Structure formats: structure tokens, C-alpha cells
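**Q** To start, I am sharing the structure in question, which I have written as C-alpha cells.
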Amino acid sequence: MEDIQALLDVTFAFVDDLLVKYGEFYPVAAAMKSDNTIVHVGTYDGNDNPSTDKVLEDLKEALREGEYKAAVILFDVKVDNPATQAKTDAVAVWVESKHLEEAYHFYYPYTLNDTRELEYGESWVVNKAKEVY
């Protein structure tokens, strides 16, 4: 999990900045090579307004093609919070590693108040089937 934490350390601050500046963001990905080098992964298909699903699909394909041992994709979602049973904005974090048996989605619910201060609530995790590794 140290690989995953290192990836989150470089991506979460960027996502926080995007949320404060724009109130939303397109998916952001980072991956770790076998030598522990962290790289940002991006795609562009010529469409300036792609759907989030399309960007996620393209990022996962790019990760499959690379020589990476772990990867994260952070994306903006509206999801049911299991603690409150209400829809909430959240940063979803898709996590996969060659060293883990499953993939995971971590959800970090957030609010952005009138003065554009970002606050996170209690997170939760959902186990997923692997899609890349």
C-alpha cells in the first residue's frame, strides 16, 4: 500500500486545487513504474468535452499498455453515501496494483462552501474486480 499512498500524495493535492478553482474536475491518473518512478498518465482523443466514462475507459487502456506496477485514477462523482443514505459529491479513487488481489474504489465525500473552502467527510471503500492488472 506504500505505492498507492505515494501515488495519492501526488494526485490528491492537484485534485484539491481543481475543486477549489473550478468546483469539478476531469479524471486524473498517476502510475508507478517498477523502479518506483511516478508518472502522470493522460489521454486525448480530440474531443474537448469527453464524458467522464470515456476518459476513465481511455485512462485504463493507457494503464494496460504501460509498464506500471500500481495506478490510481481520481474522478469526481455524485454517489450515495452509505452513512447518510443521501447523494453526495465525492472524489472517487480507483486503485489497482499488481501486488493486490482486488481493485478498490475509495470515496471521499466533500463539500465546497460559499468561500470555496473544501471539506472532506468520512471516507469509505468498495472492493472491485481488477480491470487493468
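The values are calculated or read from the model by the stated rules, or taken from the named source; none is laboratory data. These numbers come from a predicted model, not from an experiment. Quick reminder, even Gly has a Cβ in these numbers, built from the backbone with ideal geometry, and neighbours come from all protein chains shown.
Conditions (1) within 22 Å of PRO109 (Cβ to Cβ); (2) touching a His at 6+ places or on another chain (Cβ under 8 Å), marked per residue:
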| residue | (1), (2) |
| --- | --- |
| VAL15 | yes, no |
| ALA29 | yes, yes |
| ILE38 | no, no |
| ASN49 | no, no |
| TYR68 | no, no |
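**Q** Restricting attention to strands (runs of 3 or more DSSP E) lying wholly within region 1-85, give those where 1 or more residues are among the small types (Gly, Ala, Ser) and out of contact with any Gly (no Cβ under 7 Å at 6 or more places or on another chain).
**A** Passing ranges, in order: 28-33, 68-80.
**Q** Give region 92-133 a look and list any residue that's of a type in the set (Gly, Ala, Ser), in contact with a strand residue (DSSP E or B) (Cβ under 6 Å, 6 or more places away or on another chain) and surrounded by fewer than 17 Cβ atoms within 10 Å (Cβ to Cβ), or say none.
**A** Across region 92-133, the qualifying residues are GLY121, SER123.
**Q** Next question. May I ask you to list pairs of residues, at least six apart or on different chains, whose Cβ atoms are under 9 Å apart, with the first in region 51-80 being touching a residue at least 24 places away in the same chain (Cβ under 8 Å) and over 25 Å from ALA13 (Cβ atoms) and the second being basic (Lys, Arg) and surrounded by fewer than 21 Cβ atoms within 10 Å (Cβ to Cβ)?
**A** Here the result reads GLU67/LYS33, each pair linking region 51-80 to a residue that is basic (Lys, Arg) and surrounded by fewer than 21 Cβ atoms within 10 Å (Cβ to Cβ).
**Q** Right, something else. Could you please give the count of residues in region 80-109 that are under 14 Å from the mean Cα position of the chain (by Cα) and either β-branched (Val, Ile, Thr) or closer than 18 Å to ASP16 by Cβ (or both)?
**A** Residues in region 80-109 being under 14 Å from the mean Cα position of the chain (by Cα) and either β-branched (Val, Ile, Thr) or closer than 18 Å to ASP16 by Cβ (or both): 11 in total.
**Q** Which residue out of ASP76, ASP53, ASP89 is loosely packed, with under 15 Cβ neighbours inside 10 Å and farther than 19 Å from GLU102 by Cα?
**A** Within the list ASP76, ASP53, ASP89, the selection yields ASP53.
**Q** Going by what's in this entry, would THR88 be described as at pLDDT 95 or above and polar (S, T, N, Q)?
**A** Yes.
**Q** Residue check: is THR111 touching an Asp or Glu at 6+ places or on another chain (Cβ under 6 Å), in a strand (DSSP E or B), in contact (Cβ under 8 Å) with a residue 12 or more places away in the chain and β-branched (Val, Ile, Thr)?
**A** yes
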